[in-house]
Amino acid sequence: MKKIIRILLPVMAVLSLASCSRDIYVPNQVNAPLLKEKNEFKANLSLSNWQVAYAITDNIGVMVNGQYVNRALFFDEDNDSDNDDLFVDKNTRGGVIEGAVGFFKPIDTKKRAVFDVYAGYGNGAFKTLDGNFNSAPSGTSTAGYTLRTQFNKFFVQPAFGLSHKVVEASFATRFSLVKFYGQSMGANVFENDENRRLNFMSLGDKVVPFFEPAFTVKVGYRYVKWFGQLMFSVPMNDETYSGYEVNEYFQPVSFTMGVALNFGQWVKDAGR
């Protein structure tokens, strides 16, 4: 427990830096399906995340997750006051596609409490703009201020939750290993700050581990529920590159809402 607390404490420090960060890694929503039986199917749909899970046996499940972030759709481009919102880099665009296979098991006689664990792989890319673009003359091309990166991701995700026809609640702890590659930046990015340019290009030197706990609640009836998820994404190292913290490029917290679908024999029987 003390180790977990020490990992979560840096969240507050990360949040204090969020307003000046450039997000080139936005963690996707955690998919904690809590499957119970063979042929059960679940899906989560939100504005930026799409997830499905299917039970191929009574204990083995597979999942596929997709994410696409385009924050420019939700901001007024003519309003410079939106450029440094807490938690959000409005210029971030990109996403990830991942797949996983896992083991699940109901652990009580009524099959309401479920434990599952999944392991998977994903590939993604993000791009954003250096903050100096906000003060560039009107009509300036974004090319000179663009940061880009790609990444491979391996993750293990144990979860425990309660699944009922009306309400579902789960806690998942996703451990992700992210390897960045293909970093590039425009000529005007971090202008007159050579150390930070070197810092950004050094992100791919090492694998970055993340601890990503997520709390999910679903409320509805049988086949359709509303869901909300609060997730933190904390780098599990405190290394610096040329004097800059690695977490200056990572979004530390997210909250997502959407619609959850659930189709299975137990769901059908619950309505009788």
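Where a number appears in this text, it was derived from the coordinates with a stated rule and is not lab data. Quick caveat, the model's predicted, so the values are computed rather than measured. Cβ coordinates were reconstructed from backbone atoms using ideal geometry, including for glycine residues, and neighbour counts include every protein chain displayed.
Couple of notes before you dig in:
- Less than 5 angstrom separates the built amide H of GLN183 from those of GLN150, all sequence-distant by 5 or more or on a different chain.
- Straight-line cross-link reach from LYS225 at under 16 Å between alpha-carbon atoms covers these lysines, not counting any fewer than eight positions away in the same chain: LYS42, LYS165, LYS268.
- Residue by residue, the range 27-44 carries 3J(HN,Hα) couplings of x, 6, 4, 6, 9, 10, x, 6, 5, 10, 8, 4, 6, 6, 10, 9, 9, 10 Hz when phi is fed to the Karplus relation 6.51 cos²θ - 1.76 cosθ + 1.60 (θ = phi - 60°); x denotes Gly or Pro.
- Its alpha carbons considered, the range 116-218 gives a radius of gyration followed by a Dmax of 19.1, 58 Å.
- Cβ-derived FRET efficiency at R0 25 Å, ASP193 paired with SER141, nearest 0.05: 0.75
- Dipole size of the range 145-202 about its Cα centre, with +1 on Lys/Arg Cβ and -1 on Asp/Glu Cβ: approximately 240 debye, rounded to the nearest 20.
- In sequence order, calculated HN-Hα J values of the range 206-221 (Karplus, 6.51, -1.76, 1.60; Hz; x Gly/Pro): 9, 6, 9, x, 10, 9, 10, x, 9, 10, 10, 10, 10, 9, x, 8
- Spacing of the two label points (7 Å from each Cα toward its C-beta) at PHE103 and ALA125, in nm: 3.7 nm
- Unit charges on C-beta of K, R, D, E only; dipole of the range 113-228, Debye: 500 debye
- Other residues with beta-carbon under 13 Å from the beta-carbon of ALA113 carry, at +1 per Lys or Arg and -1 per Asp or Glu, a net charge of +2.
- Subtracting the Cα-Cα distance of PHE115 and VAL167 from 0.36 nm times their residue separation leaves 17.1 nm of extension gain.
- Rounded D (µm²/s) - the range 142-186, Kirkwood Rh over Cα pairs, Stokes-Einstein at 25 °C, 0.890 mPa s: 177 µm²/s
- For the range 119-272, with +1 on Lys and Arg beta carbons and -1 on Asp and Glu, the positive-most of VAL166, ASN192, GLY139 along the dipole: VAL166
- With R₀ fixed at 22 Å, the C-beta to C-beta distance from TRP266 to VAL64 puts the FRET efficiency at about 0.50.
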